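The values are calculated or read from the model by the stated rules, or taken from the named source; none is laboratory data. What you are looking at is a predicted structure, and each value in this text was computed from that prediction instead of being measured. All Cβ positions, glycine included, derive from the backbone under ideal geometry; neighbour counts span all protein chains shown. These accessible areas exclude ligands, DNA and RNA; they are computed on the full protein's heavy atoms, side chains included. Shrake-Rupley method; radii C 1.70, N 1.55, O 1.52, S 1.80 Å.
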Amino acid sequence: MTIHYLKRGKPEAERSEDDAKVRSVVESTLKEIEERGDAAVRELSEKFDKYSPVSFRLSSSEIEAALQKVSTRDMEDIRFAQDQIRRFAEAQRASMTDIEIETMPGVILGHRNIPVQSVGCYVPGGKFPMVASAHMSVLTASVAGVKRIIASAPPVNGEPHPAIIAAMHMGGAHEVYVLGGIQAVGAMALGTETIDPVHMLVGPGNAFVAEAKRQLFGRVGIDLFAGPTETMVIADKTVDAELCATDLLGQAEHGYNSPAVLVTNFRKLAEETMSEIDRLLQILPTAETASVSWRDYGEVILCDTYDEMLAVADEIASEHVQVMTDRDDWFLENMTCYGALFLGPRTNVANGDKVIGTNHTLPTKKAGRYTGGLWVGKFLKTHSYQRILTDEAATLVGEYGSRLCLLEGFVGHAEQCNIRVRRYGGRNVGYGQAAEPIAQAE
């Protein structure tokens, strides 16, 4: 391969060192929450958010007061976005059907898609209150039929963020909390004196939230490891530097550690995009954040062929991948590792993040190699069931089961099969003996 890095980000060793520091902080914090419950949660909220209300859970009147602070235009925009997300989620849910088939005479097998019973939805706040994350988690869980949905977001400027509260409430949250960071996901997963624990945690967040979810996985389910935002632009000579630079910086502004990568086979575009990024950083209001992400995590990769571009993209497995080439459908057909694809110059990640209808909680740190993003199916558990209707089927399956159990040395297992052969087949099979087929026995 002839692949050249015109710009590289932080070495992997330095990134791993940062991750190790985060792991240590999260581990000790979760231990505090588990041991001390509400008291630890309150101390953490006071320390990190300067927020200590009588109750972190909002009452109905407090939710209504927050809604009154949202402008008419903002409410209309929230409704529009939720309509798009609901429409797509409902279509996805409809695609997941329960099944029941008769695999052989008298043997019925099936599965049911059952909603997770309780979910905690985390909505990031901090520097950028992410109203859209409430749609993506709360609303999608509601479409899936989750019976208890609790949602939590940090305070903004010392109080609940009205638009986030509106989005949570309109999306279908049954309980709304004003808590951020590790203390929010820890309280929802572990439970405290005032918060009943949930079965599953979902939602994006910073490195600390993502690590907390990782450490809590097993105690509860999680959607995926959704850490700092990543974006990749795959482009050729069909687009210009302004478009590429804008799309890269549009995601780099998320935080100080948001990777933004350009993959191209056109050197002129690569060089002009780097120059355009420098220009835009002089005027972008969020340049303080975006410039650090671009400096430490930005990369520009020059390839010779489209096949090389594809190979690089699949290896990086970025969360967001914008494809702007003369063969977008070819990338759609052949790419295998990513969070979500945005095809063509008319499409962009911001639309996916906020309004178009797909979910913006997506896999990061190469998790796109083994999972997709949050969707209605993540809130559903597929459970199988079996039923045998006839004596003949019970006997036949029992004969095979008996012999296969003894093949592995499981005598007790075999006896579960043998007792059915004796009762429903009228056969005298001794304890721990293999049930031979009727034809052979005769």
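Of all residues in the range 404-442, how many are acidic (D, E) and open to solvent by less than 70 Å² (accessible area, probe 1.4 Å)?
Initially, the range 404-442 is screened for residues acidic (D, E), giving 408, 415, 436, 442.
Filter again for open to solvent by less than 70 Å² (accessible area, probe 1.4 Å), leaving 415, 436.
Total meeting the criteria: 2.
What's the number of the condition E299 fails, among (1) closer than 27 Å to F225 by Cα; (2) part of a helix (DSSP H, G or I)?
(2) is the only condition that E299 fails.
Could you please give the count of residues in the range 92-114 that are touching a residue at least 60 places away in the same chain (Cβ under 8 Å) and closer than 19 Å to Q82 by Cβ?
2
Taking the range 183-207, which residues are within 12 Å of V123 (Cα to Cα) and either basic (K, R) or open to solvent by 10 Å² or more (accessible area, probe 1.4 Å) (or both)?
Here is the first cut: in the range 183-207, the residues within 12 Å of V123 (Cα to Cα) are 184-185, 201-206.
Within the range 183-207, P204, G205, N206 meet the criteria.
Among all residue pairs at least 6 apart or on different chains, which show Cβ distances below 9 Å where the first residue, located in the range 210-225, is among the polar types (S, T, N, Q) and the second is not in a strand (DSSP E or B)?
Q215/R23; Q215/V26; Q215/E27; Q215/L30
Just for the range 297-315: of the residues that are among the acidic types (D, E), within 18 Å of T336 (Cβ to Cβ) and over 24 Å from the mean Cα position of the chain (by Cα), which one is most open to solvent (accessible area, probe 1.4 Å)?
Ranking the qualifying residues of the range 297-315, first place goes to D307.
So which residues in the range 240-249 are buried (at least 22 other Cβ atoms within 10 Å of the Cβ) and in contact (Cβ under 8 Å) with a residue 60 or more places away in the chain?
Result: C244, D247.
State which residue is nearest to the chain's Cα centre (by Cα) when the search covers only the range 337-351 and only residues that are open to solvent by 30 Å² or more (accessible area, probe 1.4 Å) and in contact (Cβ under 8 Å) with a residue 24 or more places away in the chain.
Filtering the range 337-351 for residues open to solvent by 30 Å² or more (accessible area, probe 1.4 Å) gives 338, 341, 343, 345-348, 350-351.
Imposing the further condition that a residue be in contact (Cβ under 8 Å) with a residue 24 or more places away in the chain reduces the set to 338, 345, 347-348, 350.
Numbers: Y338: 13, P345: 26, T347: 22, N348: 20, A350: 17 Å.
This residue is Y338.
Would you confirm whether or not the range 391-402 contains a residue that is touching a residue at least 60 places away in the same chain (Cβ under 8 Å) and within 19 Å of G227 (Cα to Cα)?
The answer is no, given that none of the residues of the range 391-402 is touching a residue at least 60 places away in the same chain (Cβ under 8 Å) and within 19 Å of G227 (Cα to Cα).
Can you tell me which residue within the range 128-150, out of those that are touching a helix residue (DSSP H, G or I) at 6+ places or on another chain (Cβ under 7 Å) and in a loop (DSSP other than H, G, I, E, B), is least open to solvent (accessible area, probe 1.4 Å)?
V146
Any residue that is within 23 Å of A187 (Cβ to Cβ), of a type in the set (D, E, K, R), open to solvent by 70 Å² or more (accessible area, probe 1.4 Å) and assigned to a loop (DSSP other than H, G, I, E, B) - is there at least one of those in the range 7-23?
No, there is no match, as no residue in the range 7-23 is within 23 Å of A187 (Cβ to Cβ), of a type in the set (D, E, K, R), open to solvent by 70 Å² or more (accessible area, probe 1.4 Å) and assigned to a loop (DSSP other than H, G, I, E, B).
For the range 359-389, give me the residue count where each residue is β-branched (V, I, T) and touching a strand residue (DSSP E or B) at 6+ places or on another chain (Cβ under 6 Å).
Qualifying residue count, the range 359-389: 2.
Please work out which residue is nearest to I419 (Cα to Cα), limiting yourself to the range 355-403 and to residues that are surrounded by fewer than 21 Cβ atoms within 10 Å (Cβ to Cβ), among the small types (G, A, S) and under 35 Å from the mean Cα position of the chain (by Cα).
The qualifying residue nearest to I419 (Cα to Cα) is S384.
Are there any pairs, at least 6 apart or on different chains, whose C-beta atoms fall under 9 Å, with the first in the range 318-336 and in a loop (DSSP other than H, G, I, E, B) and the second open to solvent by 80 Å² or more (accessible area, probe 1.4 Å) and at pLDDT below 95, and if so, which?
Short answer, once both residue conditions are applied: E319/K365.
Just to be sure, is M170 part of a helix (DSSP H, G or I) and either touching a strand residue (DSSP E or B) at 6+ places or on another chain (Cβ under 8 Å) or without any contact (Cβ under 8 Å) to a residue 60 or more places away in the chain (or both)?
Criteria not met by M170.
Name the residues in the range 244-270 that are out of contact with any helix residue (DSSP H, G or I) (no Cβ under 9 Å at 6 or more places or on another chain) and closer than 29 Å to P129 by Cβ, would you?
None; the set is empty.
For the range 271-309, enumerate the residues that are touching a helix residue (DSSP H, G or I) at 6+ places or on another chain (Cβ under 6 Å) and more than 14 Å from E242 (Cβ to Cβ).
Residues satisfying the conditions are A290, S293, W294, V300, I301, L302, C303.
Any idea which of (1) part of a strand (DSSP E or B); (2) open to solvent by 10 Å² or more (accessible area, probe 1.4 Å); (3) hydrophobic (A, V, I, L, M, F, W, C) is the one L262 doesn't satisfy?
(2)
Within the range 22-60, take every residue that is farther than 21 Å from G125 by Cα, small (G, A, S) and at pLDDT 95 or above and give me the one that is nearest to the chain's Cα centre (by Cα).
Among those residues, the one meeting the criterion is S28.
Please indicate, with yes or no, whether at least one residue in the range 219-233 is open to solvent by less than 10 Å² (accessible area, probe 1.4 Å) and of a type in the set (S, T, N, Q).
Yes, the conditions are met somewhere in the range 219-233.
Residues being in contact (Cβ under 8 Å) with a residue 60 or more places away in the chain, assigned to a helix (DSSP H, G or I) and either open to solvent by 30 Å² or more (accessible area, probe 1.4 Å) or touching an Asp or Glu at 6+ places or on another chain (Cβ under 9 Å) (or both): count how many of those fall in the range 49-66. Give the steps one after another, and end with the answer.
To start, the set of residues in the range 49-66 that are in contact (Cβ under 8 Å) with a residue 60 or more places away in the chain comprises 49-51, 53, 55-58, 62-63, 66.
Cutting the leftovers down to assigned to a helix (DSSP H, G or I) gives us 49, 62-63, 66.
Within this subset, residues satisfying the condition of being either open to solvent by 30 Å² or more (accessible area, probe 1.4 Å) or touching an Asp or Glu at 6+ places or on another chain (Cβ under 9 Å) (or both) are 49, 62, 66.
Qualifying residue count, the range 49-66: 3.
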